[in-house]
Amino acid sequence: MEQMRLLLAIGISFLVFFLWSVFFAPPPVSQPVPETAQQGSQTTEGPAPAATTAAGDGAPSSITPYPSETARRARNIVVDTPLFSMTISEQGGAVVSMVLKEYRETIEPDAAFKELIGDSLEGGTVWLSMEGAGINGLERAIYDAGNTPDRVTVGSQPYDLHLVYESPDQVRVERIYRFYPDSYLVDMWVEVHNRRSAPLTGNMRLTLRHIDEGFKNELGFQGPSGLINNQREQVKIKKIAEQPALDGPLKWVSIETLYFIESLIQKEALPGRMVVQHNDKTIENQYVVPGVEIGAGNRERFAFGLFMGPKSLKVLRSVGNDLDRVIHFGWVDFIAKPCLWFMNFIYRFIPNYGIAIIILTIITRLLFWPLAQKSYKSMNEMRKLQPLMQELREKYKDDRAKMNQETMALYRTYKINPLGGCLPMVVQLPVFFALYRMLYQSIELRHAPFFGWINDLAAPDRLFHFGFSIPFMQAPYGIPVLTLIMGASMFLQMKMSPAPGDPLQAKMMMLMPIVFTFIFINFPSGLVLYWLVSNLVSIAQQYYTLKKLA
């Protein structure tokens, strides 16, 4: 009975926190784009990097207006690597397309590769500007890529792309991108040559831009974030307008979606400033290097890294610079990450994430077998007292205080702890929430098939697709078979538990499977699979324990 009360509390909590977002909030809008083909020629390695930066004070300001169209038309240069295809425009040196070759837009095998930017983001991302230095419109200036072909294929050696802009006011700006054949990380340098007779001072600003796709901040954070003062900062979309600039040693700034990330990295964690903005339907996260000062006739080179790829713990750790800290599972992070590692470990031997989830769930429940055993024993003892407790309810039905007093005396007589069935379950709650969050956010489950109609463990399970909408269900519309089985398992588990003495509470308990079924109807099938297997293990253990004690 106490276990059922705990489940009721969990169910009500889920209902309060997720009902609106699950049932009524509009889903994010995807912007698929055609797959980019590979072609081109191998190129040579660029110069070795050197990096210096300057720090100081400086206030954030808005992006300067676009300058008028110049006579020379800006080219788009496509750089193909085995992992991705990035398109960089001579206009501003911005990244206007990033296609990931190991991920697709949808589950269909012939679907286009995943595009992180898309045509809807006018002007692309990774804008560069210099404020207070007398260089206007730098973010939309026309750079010169020299003799670089329109398409380059990166082979076994790194490749450097050089973009040069000669400003009318005697400042030469060069943007250098270095690509590697086996990494999502792109090294990036900005070199400023001051040819004036006076020092050049101002703020350097690199801006990540992303279309606001209707992000929903549920369990998996989406929006601008950064690692500043060795603290991970996340700014909810609805809080951007009131978020002040953040100053301090800054390692990276990012814009996160549920499964992917775009990040600017400063490998030395030098003093900087993180500024977030929300302009129309565009989200911006700006990395500001304040107080840049370049003497007359001098040049300075500023080193950064650009990462645009999956939110995979393994991939992010390979990048270094604490970029893996972008993945955080809340207060259960210390449990969730080992579970994620173990799930991937199982996948190495059994390449099916559905089976990996089943094995992970069973092993987790076996670890807590002794605690669950105590819970079921306590429930069995409570079941034996039900006739006596019913007599007390009838005898003292008009005196609730006396009834509670006699009930506690009954517990003492038979040496029963009324919380004995609840406390072991409470101990397991952190693991439950850790698995819940991990399975919800893991990119490993995106488009990962299980069997039959379940071809995407990160999406709700649907058998058949109907041409009409169903209340409380998000598209696609079909039969949520796995969710219905999960609800049936909860109903069976509840029937095996002692019935509450309070008729109202008994009715509420009977509604629990229905409530959970409606809540889970739009949840990823990987989550539903975990909950179903957990229920089945609990039913088996409960049946075994009660039969043994009978």
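Observations on the structure shown:
- Scanning region 198-216 finds no residues that are farther than 30 Å from Met86 by Cα, in contact with a strand residue (DSSP E or B) (Cβ under 7 Å, 6 or more places away or on another chain), free of Cβ contacts under 8 Å to residues at least 60 places away in the same chain and of a type outside the set (S, T, N, Q).
- Only one of the numbered conditions (1) within 26 Å of Glu300 (Cβ to Cβ); (2) modelled with pLDDT under 95 is not met by Ile77, and that is (2).
- Checking each residue in region 87-143 for being hydrophobic (A, V, I, L, M, F, W, C), part of a loop (DSSP other than H, G, I, E, B) and at pLDDT 90 or above picks out Ala94, Ile107, Ala111, Ala112, Leu116, Ile117, Leu121, Val126, Ala141.
- Candidates Leu439, Leu435 - the one that is in a helix (DSSP H, G or I), within 22 Å of the chain's Cα centre (by Cα) and closer than 23 Å to Tyr103 by Cβ: Leu439
- Considering only residues in region 149-174 that are part of a loop (DSSP other than H, G, I, E, B) and hydroxyl-bearing (Ser, Thr, Tyr), the one that is nearest to Arg75 (Cα to Cα) turns out to be Ser167.
- All of (1) touching a Gly at 6+ places or on another chain (Cβ under 9 Å); (2) buried (at least 18 other Cβ atoms within 10 Å of the Cβ); (3) over 19 Å from Ser97 (Cα atoms) hold for Lys267 with one exception: (2).
- Among the residues of region 206-252, those that are closer than 15 Å to Tyr287 by Cα and either β-branched (Val, Ile, Thr) or at pLDDT below 90 (or both) comprise Thr207, Ile228, Val235.
- When Asp398 is tested against (1) more than 30 Å from Val126 (Cα to Cα); (2) in contact (Cβ under 8 Å) with a residue 40 or more places away in the chain; (3) not in a helix (DSSP H, G or I), only condition (2) is not met.
- Long-range neighbours under 6 Å by Cβ, at least six apart or interchain, first residue over 18 Å from Ala296 (Cβ atoms) within region 156-175, second basic (Lys, Arg) and not in a loop (DSSP other than H, G, I, E, B): Pro158/Arg178; Asp160/Arg178; Leu163/Arg175
- Which listed residue, of Met382, Met343, Met389, is within 19 Å of the chain's Cα centre (by Cα), touching a residue at least 12 places away in the same chain (Cβ under 8 Å), farther than 23 Å from Val235 by Cα and assigned to a helix (DSSP H, G or I): Met343
- Every pair of residues 6+ apart whose Cβ atoms lie under 7 Å, when the first sits in region 287-305 and is closer than 10 Å to Val192 by Cα while the second is not in a strand (DSSP E or B): Ile294/Pro199; Glu300/Thr52; Arg301/Ala50; Arg301/Ala51; Arg301/Thr52; Phe302/Ala51; Phe302/Thr53
- Single unsatisfied condition, Ser318 versus (1) hydroxyl-bearing (Ser, Thr, Tyr); (2) in contact with a Pro (Cβ under 8 Å, 6 or more places away or on another chain); (3) at pLDDT 80 or above: (2)
- Check on Lys281, closer than 24 Å to Glu105 by Cα and in contact with a strand residue (DSSP E or B) (Cβ under 7 Å, 6 or more places away or on another chain): yes
- Candidates are the residues of region 401-417 that are among the aliphatic types (A, V, I, L, M) and assigned to a helix (DSSP H, G or I); the one that is farthest from Ser497 (Cα to Cα) is Ala401.
- Options Asp150, Asp169; residue that is exposed (fewer than 15 other Cβ atoms within 10 Å of the Cβ) and either touching a strand residue (DSSP E or B) at 6+ places or on another chain (Cβ under 7 Å) or modelled with pLDDT of 95 or more (or both): Asp150
- Single condition Asn321 does not satisfy, out of (1) over 28 Å from Ala459 (Cα atoms); (2) assigned to a helix (DSSP H, G or I): (2)
- Region 180-218 - residue that is in contact with a Lys or Arg (Cβ under 7 Å, 6 or more places away or on another chain) and part of a loop (DSSP other than H, G, I, E, B) and, of those, farthest from Glu256 (Cα to Cα): Arg195
- Test: residue in region 322-340 that is of a type in the set (Gly, Ala, Ser) and closer than 30 Å to His193 by Cα: no
- Qualifying residues in region 164-197 (those that are farther than 19 Å from Ile294 by Cβ and aliphatic (A, V, I, L, M)) - the one nearest to the chain's Cα centre (by Cα): Leu185
- Being out of contact with any Phe, Trp or Tyr (no Cβ under 6 Å at 6 or more places or on another chain), crowded, with 19+ Cβ neighbours inside 10 Å and over 20 Å from Ile265 (Cα atoms) is a property that does not hold for Glu174.
- Scope region 313-336; condition surrounded by 16 or more Cβ atoms within 10 Å (Cβ to Cβ) and without any contact (Cβ under 8 Å) to a residue 60 or more places away in the chain; matching residues: Leu313, Leu316, Asp324
- Condition check for Met308: assigned to a helix (DSSP H, G or I) and either outside the structural domain of Ile117 (by TED's automatic domain parsing) or on the phi < 0 side of the Ramachandran plot (or both): no
Every residue, every condition in (1) surrounded by fewer than 19 Cβ atoms within 10 Å (Cβ to Cβ); (2) touching a Pro at 6+ places or on another chain (Cβ under 7 Å); (3) of a type outside the set (Asp, Glu), yes or no:
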{"site": "His465", "(1), (2), (3)": "yes, yes, yes"}
{"site": "Ser469", "(1), (2), (3)": "yes, no, yes"}
{"site": "Ala475", "(1), (2), (3)": "yes, no, yes"}
{"site": "Pro480", "(1), (2), (3)": "no, yes, yes"}
{"site": "Phe491", "(1), (2), (3)": "yes, yes, yes"}
{"site": "Ile514", "(1), (2), (3)": "yes, no, yes"}
{"site": "Ile521", "(1), (2), (3)": "no, yes, yes"}
{"site": "Gly526", "(1), (2), (3)": "no, no, yes"}
{"site": "Val533", "(1), (2), (3)": "no, no, yes"}
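The values are calculated or read from the model by the stated rules, or taken from the named source; none is laboratory data. These figures come from a predicted structure and were not determined experimentally. Please note: Cβ atoms are built from the backbone with ideal geometry, for glycine as well, and neighbour counts cover all protein chains shown.
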